[in-house]
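**Q** Here's a structure for you.
The values are calculated or read from the model by the stated rules, or taken from the named source; none is laboratory data. All values reported here derive from a predicted model rather than from experimental measurement. Glycine gets a Cβ as well: all are built from the backbone with ideal geometry, and neighbour counts include every protein chain shown. When the accessible area is computed, the model is the full protein with side chains, heavy atoms only, and any ligands, DNA or RNA have been set aside. Shrake-Rupley method; radii C 1.70, N 1.55, O 1.52, S 1.80 Å.
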Amino acid sequence: MASATFLSTLSLANKNYLLLTPTHAYAKGYTNNFRVSNLPSIVVRKEGSVRSQGFVAMQEKGGSTLSDDSRRKTPHVLTVAGSDSGAGAGIQADLKACAARRVYCSTVITALTAQNTVGVQGVSNVPEDFVAQQLKSVLSDMQVDVVKTGMLPSVGIVKTLCKTLREFPVHALVVDPVMVSTSGDVLAGPSILSTFLEELLPMADIITPNLKEASALLNGMQLETVDDMRSAARLLHNMGPKNVLVKGGDLPDSSDAVDILYNGHNFYELRSPRIRTRNSHGTGCSLASSIAAEVAKGYPMLSAVKVAKRFVETALDYSKEIDIGNGPQGPFDHLLRLKSHSQASHRQQPFDPSDLFLYAVTDSRMNKRWGRSIIDAVKAAIDGGATIIQLGEKDAETKDFMESAKACLRICHLHGVPLLINDRVDVAIACDADGVHVGQSDMPARVARTLLGPEKIIGVSCKTPEQAEQAWVDGADYIGCGGVYPTNTKENNITVGLNGLKTVCMASKLPVVAIGGIGVSNARAVMEICASNLKGVAVVSALFDRECVQTETRKLHEVLLGSNIGST
Ligand SMILES: Nc1ncnc2c1ncn2[C@@H]1O[C@H](COP(=O)(O)OP(=O)(O)O)[C@@H](O)[C@H]1O
Ligand SMILES: Cc1ncc(COP(=O)(O)O)c(N)n1
Ligand SMILES: [Mg+2]
């Protein structure tokens, strides 16, 4: 949109950097050829004054950059669109799509709509000068990479936008020429058409009309086939945008969802299976925001469109059973999270440290040796009084492990017993287990927490006060401390003994479960160290390397009940 103005050059570590303002740095073309680093602390003299903020250093790709990855600029999309009270389309869809695509999204609201799954009941435009004020607030300060537009309900608002964009150029402009909602309600009348055509379209890097919008922009041209879509894309491209994506979500009699992308040289026919769903309100907004998000990350347009289309398709497929509203078109779930909560038979309870009381850890080799399935082992442990289960199926094939984990989860939840997975965070996520237990050489607890979210249970094996402190800092819920006694389960495992256990308990801010060589004969001795945060014992062989798991569990349960564990 504007050519870059180099303010100065800088040499550091024998590399030359060009210094320019962020707006200029992101002006078209430059980010393709250069790697960009934010250098907020660099001081540049310009026209006698000292400027110390907001400069961007660029270095040719291939060379090393000044800053590491953690200092790369956060990709940022600004959406200029209308609010949908039903939150399926408009600003709300844009925010969710960008969040799902992991890009920051700011919002300039052009209109408020009273809208639900039935249709649009009311529209109130935001005054033009207040749209201008919002645009300036964001664009003057927040280093926007890509502007994406949706509902632009008046000529004045379109003109204001174009004027502000000339003042604050951004890397790319994605225009979704929203005119009529799928419910048939007018969101931007025909009066805006000429301003769209004359001012906005020529500034756009891509426009994304659906069939009705493409037809409206082309004077009512009939669009009924993929060939018609190609012709429309070519004609629209003549109006100035760099790329045109004609969306075929509403193409009659098509078993596929076909979109046509044209960049002035090549046509790309993008096809995906048509998802049979009522929940497709907001697909257009979400597609355009996702394209903007990918472009903001630095991807070329063709990849951005492909990824965005795949994202919409995945979200539609995932959201088929969502049941919100009584109208013909429902919203979908961008973050792919609603189903597991609304359809889960079991609602996760907050972690209760007293669940660590009798902690049964299964072992695939022992189960094999005794000829029992993992499911039978878990059932027997629960019947004997186990209060939490960890599946430690180290040698299992992933597919088998997942199947058994799901079956065990059903049994555990029937009895209100949490089920944790040893080490395999992927399996825990895939079968929606209650949490994971990780060792010092497994995935760090902090990473597991990021992947699992705030409500899942995370336990960490610790031998020292330092490890216990780290587990706390990393967001774990409990620690497992041991081996207290020598054990056959783990080779070359250093034992900490009762003294080591006590030291770790004293230091730990988290509840502790003791592990390693514990059974009916020595459980009492463990409990008698009398640390208030020692909540129970974790047991492998003493339960599972025995003929009758239920009997052994019951015996241990009695010993534990007779002790004062966790009662202080
Ligand atoms: N049922 C569906 N299954 C898969 N993809 C779809 C479906 N409906 C729409 N899409 C895709 O969603 C995007 C938005 O298309 P469309 O619904 O035509 O736009 P709009 O929401 O603006 O009317 C396009 O990529 C389209 O191919
Ligand atoms: C505020 C607002 N913006 C855009 C749309 C278009 O969305 P769709 O075409 O999916 O109905 C909408 N319904 N409401
Ligand atoms: Mg639609």
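**Q** Which members of segment 311-332 meet the condition of being open to solvent by less than 40 Å² (accessible area, probe 1.4 Å) and within 13 Å of ligand 3 (Cβ to nearest atom)?
**A** VAL312, LEU316, GLN329, GLY330, PRO331, PHE332 - these are the residues of segment 311-332 that are open to solvent by less than 40 Å² (accessible area, probe 1.4 Å) and within 13 Å of ligand 3 (Cβ to nearest atom).
Okay, residues lined up against (1) in contact with an Asp or Glu (Cβ under 7 Å, 6 or more places away or on another chain); (2) within 16 Å of ligand 2 (Cβ to nearest atom):
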site	(1), (2)
GLU224	no, no
SER254	no, no
VAL258	yes, no
HIS265	no, no
TYR268	no, no
ARG274	yes, yes
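**Q** Let me ask something else about it. So which strands (runs of 3 or more DSSP E) are wholly in segment 164-272 and hold at least 2 residues that are near ligand 1 (Cβ under 10 Å from one of its atoms), open to solvent by less than 20 Å² (accessible area, probe 1.4 Å) and not polar (S, T, N, Q)? Reasoning before the result, please.
**A** Values: elements: 172-175, 243-247, 256-262.
Answer list for segment 164-272: 243-247, 256-262.
**Q** Do the conditions hold for LEU287, that is, is it open to solvent by 40 Å² or more (accessible area, probe 1.4 Å), at pLDDT 95 or above, assigned to a helix (DSSP H, G or I) and within 18 Å of PRO209 (Cα to Cα)?
**A** Numbers: open to solvent by 40 Å² or more (accessible area, probe 1.4 Å): no; at pLDDT 95 or above: yes; assigned to a helix (DSSP H, G or I): yes; within 18 Å of PRO209 (Cα to Cα): yes.
It is false that LEU287 is open to solvent by 40 Å² or more (accessible area, probe 1.4 Å), at pLDDT 95 or above, assigned to a helix (DSSP H, G or I) and within 18 Å of PRO209 (Cα to Cα).
**Q** Quick one: which strands (runs of 3 or more DSSP E) lie wholly within segment 417-520 and hold at least 2 residues that are β-branched (Val, Ile, Thr) and within 20 Å of LEU534 (Cβ to Cβ)? Steps first, please.
**A** Numbers: elements: 419-422, 435-438, 457-462, 478-482, 512-515.
Hits in segment 417-520: 457-462, 512-515.
**Q** Go through segment 106-131 and give me each residue that's part of a helix (DSSP H, G or I) and surrounded by fewer than 20 Cβ atoms within 10 Å (Cβ to Cβ).
**A** Within segment 106-131, GLU128, ASP129, PHE130 qualify.
**Q** Looking only at helices (runs of 4 or more DSSP H) that lie completely in segment 312-411, which have at least 3 residues being farther than 28 Å from GLY536 by Cβ and not β-branched (Val, Ile, Thr)?
**A** In segment 312-411, 338-342 are the helices (runs of 4 or more DSSP H) which contain 3 or more residues that are farther than 28 Å from GLY536 by Cβ and not β-branched (Val, Ile, Thr).
**Q** Checking the structure you have, find out if any residue of segment 301-310 is more than 19 Å from the chain's Cα centre (by Cα), within 16 Å of ligand 2 (Cβ to nearest atom), open to solvent by less than 50 Å² (accessible area, probe 1.4 Å) and modelled with pLDDT of 95 or more.
**A** The answer is no; no qualifying residue exists.
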